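Read-outs throughout are calculated quantities, based only on the coordinates presented, and are distinct from any laboratory measurement. Computed from a predicted model, the values in this text were never measured in an experiment. Positions of Cβ are generated from backbone atoms using ideal geometry, with glycine treated the same way; all protein chains shown enter the neighbour counts.
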Amino acid sequence: MLKTLLERLRPATHVRIDDALWTATLAALPFLARLDAAERERLRELAQQFLADKEFATAGELELTAAMQVSIAAQACLPVLKLGLGGYRGWTSIVIYPDEFLVPREVTDEAGVVHEYVDQIAGEAWDGGPLLLSWADVQATDGSYNVVIHEFTHKLDMANGEADGVPPFDRRLHAGLDPERWRRVLEDAYERLNAELDLIEAEIPPDLDPESPQADAYYARLPLDAYAATDPGEFFAVSSEAFFVAPQRLRDAFPEWYDLLARFFLQDPLAGEAR
Ligand SMILES: [Zn+2]
């Protein structure tokens, strides 16, 4: 089935996505509807090259299908539609888990004590290494949530070192972007989100489970998912999800930050819509 739907013309150098599969992939991702015909064609070309460059593997009993690979490729290529695939160079492996997966962690605290624990996560991008995704989360695209865009924007961010929310700027494409201003606007927005989060957390009754649906109603007042308040790298990744999937609230809350994202990605998902 993979061979017929993803016809390999020259092994590992070119992949052609079947027309019907491409149409079905676009239809399942409503945030791609804003792209015009030329942009959709460009996205398809990038996705085909992406599929030739990357290697997919699954964990557990999950069966790897062409539809899964094309869906991930299309979403991963959206942030680089105008930038090209250069930001995704230097690694090849994408591992898909059926659902959220467990990752053992080790953290050394200030006293030098090593704490070991297990994290349950929906996706992870390793610096210079593989990118891991939960397939259940790839399919859960309600609100501004998009784990593929999240992890791939971490990869863009890591192209100049750690994921700190400041990706490398291209001298030609990003001539007007200044890393210092980017960092300042990012930190202002990040600090404001944290201040809003502190206010909300002070309001949540102490006996309410922070993971419960009742607590979600409090967090829903934030203009971005609370996970963005973790650190500036997560703020950039979560903002990028919102930017491409449900941008209105992001632009209303952080207009200057939104404009910088538009100038970085060279796309404006709200172009033509009144402020
Ligand atoms: Zn992240």
Inset, instruction - Could you list the square roots of 5 times each eigenvalue of the Cα gyration tensor of the range 82-239, that is, the equivalent ellipsoid semi-axes, sorted largest first and rounded to whole Å? - result: 27, 22, 18
Inset, instruction - Give the calculated FRET efficiency between Glu106 and Ala274 to the nearest 0.05, with a Förster radius of 51 Å applied to their Cβ-Cβ distance. - result: 0.55
Legend entry - Burial ranking of peptide ranges 132-143, 241-252, 216-227 (average Cβ count within 10 Å, highest at the top): 241-252, 132-143, 216-227
Legend entry - Relative contact order (%) - criterion: Cα under 8 Å, at least six apart; region: the chain: 15 percent
Legend entry - the range 116-194: projected area of the alpha-carbon convex hull, averaged over directions, in nm²: 7.5 nm²
Legend entry - Where only alpha carbons of the range 179-265 are counted, the Rg and the Dmax (Å): 13.6, 44
Inset, instruction - Count the net charge of all other residues whose Cβ sits under 13 Å from the Cβ of Val118, scoring Lys and Arg as +1 and Asp and Glu as -1. - result: -3
Inset, instruction - Sort 115-127, 91-103, 198-210 for me by packing, meaning the mean count of neighbouring Cβ atoms within 10 Å per residue, highest on top. - result: 91-103, 115-127, 198-210
Inset, instruction - For the range 2-158, report the convex hull volume of the alpha-carbon atoms normalised per residue, in Å³, without decimals. - result: 131 Å³
Inset, instruction - Among Asn194, Pro213, Leu261, flag the residue with its Cα farthest along the positive direction of the charge dipole of the range 179-265, charges on Cβ as +1 for Lys/Arg and -1 for Asp/Glu. - result: Leu261
Legend entry - Proportion of all alpha-carbon pairs of the range 47-128 beyond 20 Å (%): 47 percent
Legend entry - Per-pair calculated FRET efficiency, R0 = 30 Å: Leu177 and Val113 via Cβ, rounded to 0.05: 0.15
Legend entry - Kirkwood hydrodynamic radius of the chain, Cα pairs, Å: 19.9 Å
Legend entry - Length-normalised contact order of the range 117-213 in % [C-alpha pairs under 8 Å, at least 6 apart]: 15 percent
Inset, instruction - Quick one: order Lys82, Lys155, Lys54 by neighbouring beta-carbon count within 10 Å, fewest to most. - result: Lys82, Lys54, Lys155
Inset, instruction - Read phi for every residue in the range 102-113 and hand back ³J(HN,Hα) as whole Hz from Karplus 6.51 cos²θ - 1.76 cosθ + 1.60, θ = phi - 60°, with x for Gly and Pro. - result: 9, 10, x, 10, 9, 10, 9, 7, 4, 7, x, 7
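Counting Lys +1, Arg +1, Asp -1, Glu -1, what net charge surrounds Glu203 among other residues with beta carbon under 14 Å of its beta carbon?
With Lys, Arg at +1 and Asp, Glu at -1, the neighbours total -4.
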Inset, instruction - For an R0 of 45 angstrom, estimate the FRET efficiency from the Cβ-Cβ distance between Arg184 and Thr23 and round to the nearest 0.05. - result: 0.55
Inset, instruction - Output ³J(HN,Hα) for the range 244-253: one whole-Hz value per residue in order, computed from phi by the Karplus curve 6.51 cos²θ - 1.76 cosθ + 1.60 with θ = phi - 60°, and x for Gly and Pro. - result: 8, 9, 8, x, 4, 5, 5, 5, 4, 7
Inset, instruction - Report, to two decimal places, the Cα Rg of the range 97-161 normalised by 2.2 N^0.38 Å (N = number of residues). - result: 1.31
